[in-house]
1. Under the √(5λ) rule applied to the eigenvalues of the Cα gyration tensor, what semi-axes describe the equivalent ellipsoid of the stretch 535-637? Give them in Å, descending.
2. Per q in 0.14, 0.15, 0.20, 0.22 Å⁻¹, report the Debye log10 I(q)/I(0) for the stretch 372-501, using one uniform scatterer on each alpha carbon and no solvent.
3. From the phi of every residue in the stretch 165-172, what ³J(HN,Hα) in whole Hz does the Karplus formula 6.51 cos²θ - 1.76 cosθ + 1.60 yield, where θ is phi - 60° and glycine or proline is x?
4. Considering only DSSP beta bridges where both residues belong to the chain, give the percentage that are antiparallel (nearest 5).
5. Once the Cβ-Cβ distance between Phe676 and Asp624 is put in as r, and R0 is 60 Å, what FRET efficiency do you end up with, to the nearest 0.05?
6. Give, in whole angstrom and from largest to smallest, the semi-axes √(5λ) of the equivalent ellipsoid of the stretch 2-94, with λ running over the eigenvalues of the Cα gyration tensor.
7. Roughly to the nearest percent, how much of the accessible area of the chain is carbon and sulfur, given a 1.4 Å probe?
8. Roughly how big is the stretch 2-94's charge dipole about its Cα centre, with Cβ charges of +1 (Lys, Arg) and -1 (Asp, Glu), in debye to the nearest 20?
Amino acid sequence: GQVVYSITEETERGASVGNIAKDLGIDAATLSARKFRMITGSSKQYFDINASTGALSVNEPIDREQLCELKSHCLLNYELVLENPLELYRMEFKVLDINDNSPSFPLSEYHINVPEFLSPGVRFTLPNAQDLDEGTNSVQNYTLSPDEHFHLEMQTRGDGSKYPELMLKKALDREQQATHRLVLTAKDGGDPPKSGDVPVIVTVLDTNDNAPEFEHSVYRASILENSPSGTLVVQVHATDLDEGPNGEVRYSFSNTSSADLQRMFLIDPHTGEVTVNGVLAVQRPLLEMLIEARDNGAFGMSSTAKLLVEITDVNNHGPEITITSLSSPIPEDAVPGTVIALLSITDKDPGENGKVTCQIPDNLPFQLKPSLENYYSLVTSGLLDRELISGYNITINATDLGSPPITTQKTLWVRISDVNDNPPVFNADTVDVFVEENNPLGAFLYQVSASDPDMGENGRVSYMLRNSTVAGSALASLLSVSLANGSIYAKRAFDFEQVRSFYFQVEAKDNGSPALSAAITVNVYISDQNDNAPAILYPISQNGSVAVEVVPRLADEDYLVTKVVADDEDNAQNAWLSYHLAHSSDSTLFHLAPHSGELRTTRSMRSTDFLKHKVVVVVRDHGDPPLSSTVTVGILLADTLPQALPDFDDSGEPPPLLNATNIYLIVSLACVSCIFAAFLLFLAIVRL
């Protein structure tokens with residue numbers, strides 16, 4: 001069977017709903033024995049059954065809006081299960097709505113922008129309120145706070161739902177009221193009813209419906225006739241009730257004002273300041289102009305005001321300086337009193353205002369001398385030097401005698417032309433250059449440089465070698481110099497062993513007329529390279545033969561056999577020599593002093609020593625890389641000098657014991673001995 005119950009939401013815990021045993025016809029006393037239980041798909045157990053009486057009560061208050069959200073019908077389904085026998089009953093609970101939620105709007109505040117030019121009848125959509133309750137407890141109507149420009153109307157959609165609209169019933173004027181604050185109220189149909197409010201702010205957008213207005217229709221000002229450019233005459237001001245670009249005012253002169261006056265004065269388009277622009281060259285004492293103020297609206301509106309400017313007469317003409325004649329440039333060797341320029345100085349003012357005094361600065365080598373009426377001559381008063389000052393800005397000050405006086409300035413630029421009055425100058429009188437011998441042809445040695453403060457051809461320096469000789473050779477055959485930049489190059493290789501140093505002069509000459517010159521002395525020092533092997537002076541081998549030294553047959557220990565003498569044409573460590581034994585027929589018999597080259601016996605001679613020996617001596621320098629020479633010395637052990645020297649071309653070592661001749665003699669002797677022994681044996685046998 002099935003039973004249906006109705007219960008309002010938010011019913012308190014423990015409130016009675018019904019009696020399930022009576023409603024289903026079940027004996028309440030058997031509920032516990034039949035192990036009854038309620039089954040539901042809800043996460044909460046909203047109801048409870050008394051096992052003794054079968055009374056059904058609320059276990060947990062129900063929030064319909066939380067449980068069913070926006071569903072029109074909210075149902076809770078339960079199943080009652082009984083055992084012995086197994087029976088299943090369905091229970092359905094209808095949750096009835098109560099008015100427990102007030103209408104609310106999605107936003108806390110709504111803004112609507114309305115142009116002020118819109119006509120009455122224009123509608124604007126308003127936000128809908130939300131109420132979680134259903135039926136009559138949901139939103140039923142809207143109200144709007146009273147306002148003379150707006151009222152509320154309800155509209156119906158195609159599905160029957162209603163929504164509020166704001167309708168304009170009276171034209172807006174932003175200049176009177178820029179913002180309208182309304183309150184939209186939504187009410188439900190509950191008992192008692194609940195409501196929710198939201199502010200609606202209407203901003204009136206500006207329309208260019210107001211022209212700028214000046215503070216005064218006529219502005220008056222007075223200025224001096226000699227007012228400088230930029231002098232403030234007056235500041236006009238206009239206001240526009242519109243806002244934004246429609247209320248931004250720009251000022252200008254009206255087209256009806258004369259072009260001459262518009263050139264004499266400037267008006268700032270933003271501030272309305274009228275200033276003097278240039279010279280007030282007018283003959284009438286009162287000037288009249290119209291000033292226009294226009295806003296920046298799409299269709300700009302404007303208004304005008306009159307400006308009256310009174311000009312006060314003063315000493316308004318300054319002296320005028322005219323250059324009648326000017327000689328520039330002038331040579332730097334011009335004598336004092338040379339006329340440079342002729343000036344004409346006038347002033348249009350009459351009387352004292354037209355009288356002029358004229359002067360130039362005192363620190364210049366020039367002076368002004370009066371000439372004819374209103375004319376002055378500019379002449380030199382001292383010596384000129386273009387290398388110190390290449391030109392002069394001469395400021396001529398002409399001042400009239402008006403009150404206040406007016407001063408006019410004019411600047412002349414006088415250039416000083418160059419004359420060849422400075423010779424080339426080297427940084428030093430002499431320079432030292434170091435170069436290694438055996439340099440390649442065309443090697444760069446040094447670059448001399450001279451400066452000439454003159455300009456143009458007078459300052460262009462060329463270089464050349466002054467004629468001289470080096471070790472009997474013309475300098476031009478050894479060196480060359482670049483005509484343009486003074487670079488010095490070697491035309492052939494230098495040899496330290498022939499020339500160790502020399503000097504020459506390089507002349508620097510400008511191209512002036514007449515030409516001026518200077519010279520610098522260049523000292524060249526040639527550094528040595530290890531390009532010469534040691535030359536052995538003693539002992540000397542002639543025609544490829546070995547030099548022979550005779551030593552007593554029984555010479556003592558440390559006997560001086562000979563002394564090797566050598567020389568090296570190089571210098572310094574390249575010429576430092578050392579002596580070494582490269583080969584000796586008997587290494588235990590002789591030794592060589594490495595620094596002196598003395599060859600001595602290591603021990604006393606013996607009668608068993610060979611009579612002929614040969615040693616090879618190496619003489620080596622300390623260059624990088626080192627170079628060496630060798631000499632072979634034959635040593636003959638003899639007490640007297642033999643008439644003929646033996647041949648030392650062999651190695652000088654003792655002959656071997658078993659050479660071919662010795663072997664032949666030994667074999668022959670053995671054969672003879674064998675034959676003799678055999679003969680004796682034969683005789684003995686015969687005799688026996």
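The values are calculated or read from the model by the stated rules, or taken from the named source; none is laboratory data. Everything numeric in this text was worked out from a predicted model, so none of it was measured. Here the Cβ positions follow ideal geometry from the backbone for every residue, glycine too, while neighbour counts run over all protein chains shown. Surface areas here come from the heavy atoms of the whole protein model, side chains and all, with no ligands, DNA or RNA. Shrake-Rupley method; radii C 1.70, N 1.55, O 1.52, S 1.80 Å.
1. 27, 14, 10
2. Normalising to I(0) and taking log10 leaves -0.81, -0.87, -1.19, -1.32.
3. Once θ is set to phi - 60°, the couplings for the stretch 165-172 become 9, 9, 10, 7, 10, 8, 4, 9 Hz.
4. In the chain, DSSP labels about 80 percent of beta bridges as antiparallel.
5. FRET efficiency, Phe676 to Asp624: 0.25.
6. After diagonalising the Cα gyration tensor, the semi-axes are 24, 14, 11 Å.
7. Carbon and sulfur together cover 52 percent of it.
8. 240
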